[in-house]
Amino acid sequence: MRAVIAEDSVLLRVGLVKVLETAGFEVVAEAGDAESALAAVELHRPDLAVLDVRMPPGYTDEGVRAALVMRERWPEVAVLLLSQYVEERYATELLIGDTAGFGYLLKQRVADVEEFIDALRRVAAGGTALDPQVVSQLLTRRHSDPLDRLTAREREVLTAMAEGRSNAGIAERLVVSESAVAKHINSILAKLDLPKAEADHRRVLAVLRFLGVG
């Protein structure tokens, strides 16, 4: 069976290629962004596409939007989404329609190679593979404070944003790269379900939400 892999992390992409080849798949193309992934699927028409939820350039929902396009244009292509954490609204959007040939797993599952390979084969064969944490969250549908979704590092970044620090200032304070800060900020904005707007305005909305006045 033939597969396309779309993952911006080179190390994880290399690992995924090895796992898929172990499972008997032929990886016909690799991509580091959603646009390239769509082009690869259009060209090769694989049996399976494995996509990261968040990819360049925005690191928000590029993989999800690509998956929706694939399922509309090429329904015969099975899609397996990989995410760093449970993103309920994306999972819900993708599960509204036909779930045949669809999977949504947390990246931590890749470490259990045998289980991951089983999920790959199940999805490629037209079945469904949903991460236990995804299922649990969709079933419970907790109405908690959106801030509870943030990781400890994301809270540190948001605190620094509330202090008025720029991306460069946050990076210097937390001893990380500016690209890492940008990725954390995009994650924060997505988790807080802020409306689409100019980037600076969304930062302000995030800070107001953090301070309890927005």
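Would you mention how many residues in segment 103-120 are in a helix (DSSP H, G or I) and either under 12 Å from Asp131 (Cα atoms) or at pLDDT below 85 (or both)?
Total satisfying the criteria: 7.
When you go through Leu43, Leu68, Leu38, Leu51 one by one, which is the residue that is open to solvent by less than 10 Å² (accessible area, probe 1.4 Å) and either assigned to a helix (DSSP H, G or I) or within 22 Å of Gly15 (Cβ to Cβ) (or both)?
Every option except Leu51 fails the conditions.
Scan segment 128-139 and tell me whether some residue there is of a type outside the set (S, T, N, Q), assigned to a helix (DSSP H, G or I) and at pLDDT 80 or above.
Looking through segment 128-139, none of the residues is of a type outside the set (S, T, N, Q), assigned to a helix (DSSP H, G or I) and at pLDDT 80 or above.
Check Glu62 against each of (1) open to solvent by 20 Å² or more (accessible area, probe 1.4 Å); (2) acidic (Asp, Glu); (3) in contact (Cβ under 8 Å) with a residue 12 or more places away in the chain; (4) more than 17 Å from Leu105 (Cβ to Cβ) and name the one condition it does not meet.
(1) is the only condition that Glu62 fails.
Restricting attention to segment 28-56, report how many residues are over 28 Å from Lys183 (Cα atoms), touching a strand residue (DSSP E or B) at 6+ places or on another chain (Cβ under 7 Å) and not acidic (Asp, Glu).
Count: 3.
Can you name the residue in segment 80-100 that is outside any helix (DSSP H, G or I), within 19 Å of Tyr59 (Cα to Cα) and open to solvent by 30 Å² or more (accessible area, probe 1.4 Å) and, of all such residues, is modelled with the lowest pLDDT?
Per the criteria, the residue is Tyr85.
Could you check, for segment 64-73, whether at least one of its residues is within 19 Å of Ala180 (Cβ to Cβ) and not basic (Lys, Arg)?
Checked against the condition, which is being within 19 Å of Ala180 (Cβ to Cβ) and not basic (Lys, Arg), segment 64-73 yields no hits at all.
In segment 5-33, what residues are over 13 Å from Leu82 (Cβ atoms) and in contact with a helix residue (DSSP H, G or I) (Cβ under 9 Å, 6 or more places away or on another chain)?
Within segment 5-33, Thr22, Ala23, Gly24, Phe25, Glu26, Val27, Val28, Ala29, Glu30, Ala31, Gly32, Asp33 qualify.
Give the residue that is modelled with the lowest pLDDT, with candidates limited to residues of segment 183-214 that are small (Gly, Ala, Ser) and crowded, with 17+ Cβ neighbours inside 10 Å.
Ala206
Kindly indicate the residue of segment 1-28 that is over 18 Å from Asp112 (Cα atoms) and charged (D, E, K, R) and also least open to solvent (accessible area, probe 1.4 Å) among those meeting that condition.
For segment 1-28, the residue satisfying everything is Glu7.
In segment 159-181, what count of residues is obtained for those that are open to solvent by 70 Å² or more (accessible area, probe 1.4 Å) and either assigned to a helix (DSSP H, G or I) or touching a Pro at 6+ places or on another chain (Cβ under 9 Å) (or both)?
Within segment 159-181, residues that are open to solvent by 70 Å² or more (accessible area, probe 1.4 Å) and either assigned to a helix (DSSP H, G or I) or touching a Pro at 6+ places or on another chain (Cβ under 9 Å) (or both) number 4.
Quick one: would you say Leu147 is hydrophobic (A, V, I, L, M, F, W, C), modelled with pLDDT under 85 and open to solvent by 30 Å² or more (accessible area, probe 1.4 Å)?
No, not satisfied.
The values are calculated or read from the model by the stated rules, or taken from the named source; none is laboratory data. What you are looking at is a predicted structure, and each value in this text was computed from that prediction instead of being measured. We place every Cβ from the backbone using ideal geometry, glycine too, and count neighbours over all the protein chains shown. Remember, those area values only see protein heavy atoms, side chains included, never the ligands or the DNA or RNA. Shrake-Rupley method; radii C 1.70, N 1.55, O 1.52, S 1.80 Å.
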